[in-house]
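Worksheet: the structure to be examined is printed underneath.
The values are calculated or read from the model by the stated rules, or taken from the named source; none is laboratory data. The model shown is predicted, which means the values in this text are computed figures rather than measured ones. Just so you know, the surface numbers come from the protein's heavy atoms only, side chains and all, with ligands and any DNA or RNA stripped out. Shrake-Rupley method; radii C 1.70, N 1.55, O 1.52, S 1.80 Å.
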Amino acid sequence: QVQLVESGGGLVQAGGSLRLSCAASGRTFSNNVMAWFRQAPGNEREFVAAIGWMGSSSFYADSVKGRFTISRDNAKNMVFLQMNSLKLEDTAVYYCAASSVWGRQAATYDYWGQGTQVTVSS
């Protein structure tokens with residue numbers, strides 16, 4: 001089992017920045033691919049970014065590429081999502097997720113946090 005707890009969400013103006021954090025506990029954290037997903041009201045949960053076991057490989061949704069950066073600190077069992085140049089359409093609940101394999105589909109991920117709200121205002 002892996003337990004995930006997100007933090008760092010909030011209200012920010014368009015063009016601003018936020019840094020989300022995900023604290024992991026349970027089975028060996030460093031063995032997992034970690035990802036961020038988001039879900040806006042009325043929409044399906046969508047992939048945002050993922051990072052590999054050692055932190056040297058990552059990939060992003062086209063909608064956030066160049067604006068968001070995913071990182072991890074295996075010594076502290078933490079994953080981060082730095083979000084810059086935020087847009088109104090980035091408003092959503094953001095979820096941290098863990099998987100033993102790479103993937104962009106939510107079904108690939110076995111463990112989920114409870115989510116943290118990010119609201120971007122004009």
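Residues Glu89, Glu6 ordered from highest to lowest accessible area at a 1.4 Å probe: Glu89, Glu6.
Phi angles across the range 41-54 convert, under the Karplus curve 6.51 cos²θ - 1.76 cosθ + 1.60 with θ = phi - 60°, into 3J(HN,Hα) values of x, x, 10, 6, 5, 10, 5, 10, 6, 9, 9, x, 4, 9 Hz, Gly and Pro given as x. Remark: the Ala40-Ser57 segment gains 3.4 nm on full extension, using 0.36 nm per residue and subtracting the alpha carbon distance.
Picking from Met78, Met34, Met54, which is most flexible by a Gaussian network model of the chain using Cα springs under 10 Å? Among Met78, Met34, Met54, the largest mean-square fluctuation in the Gaussian network model of the chain belongs to Met54.
Look at where the Cα atoms of the range 84-104 and of the range 1-73 average out, and the two centres are 5 Å apart. Karplus-based coupling profile of the range 105-122, in residue order and whole Hz: 8, 4, 5, 6, 9, 8, 10, 9, x, 8, x, 9, 7, 10, 10, 9, 10, 8, with θ = phi - 60° in 6.51 cos²θ - 1.76 cosθ + 1.60 and x standing for Gly or Pro.
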